[in-house]
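Working notes for the structure below.
The values are calculated or read from the model by the stated rules, or taken from the named source; none is laboratory data. Just so we're clear, the structure is a prediction, and the values are computed from it rather than from any experiment. Backbone-built Cβ (ideal geometry, glycine too); neighbour counts: all protein chains shown.
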Amino acid sequence: MVIHLDPDLEAALAASARRLGVAPEALARDVLRERFLGGATAIEPRDEWERRLIGAASDCGVSLPDSALSSDGLYE
């Protein structure tokens with residue numbers, strides 16, 4: 001599949017990808033995966049411990065701001 005982006009959307013995607021240090025294509029794929037598949041790729045637990053760990057994990061819908069991802073932001 002090929003997706004053609006408007007120039008403004010392409011520029012925003014490129015800027016976000018540059019800020020995150022990833023390729024624009026990877027960022028677009030990850031965002032689409034998050035939007036349409038709920039973000040999670042299926043993880044198959046190998047044993048009971050992993051099954052319980054995955055069952056206890058939940059997405060709370062909270063994400064850190066970009067400023068908190070810098071080394072200085074981690075300590076604030």
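Exactly one residue out of ALA26, ALA68, ALA15 is part of a helix (DSSP H, G or I), at pLDDT below 75 and of a type outside the set (D, E, K, R): that is ALA68.
Selection within segment 44-59: residues that are in a loop (DSSP other than H, G, I, E, B) and either within 13 Å of the chain's Cα centre (by Cα) or surrounded by 11 or more Cβ atoms within 10 Å (Cβ to Cβ) (or both). The member of this set that is modelled with the lowest pLDDT is ASP59.
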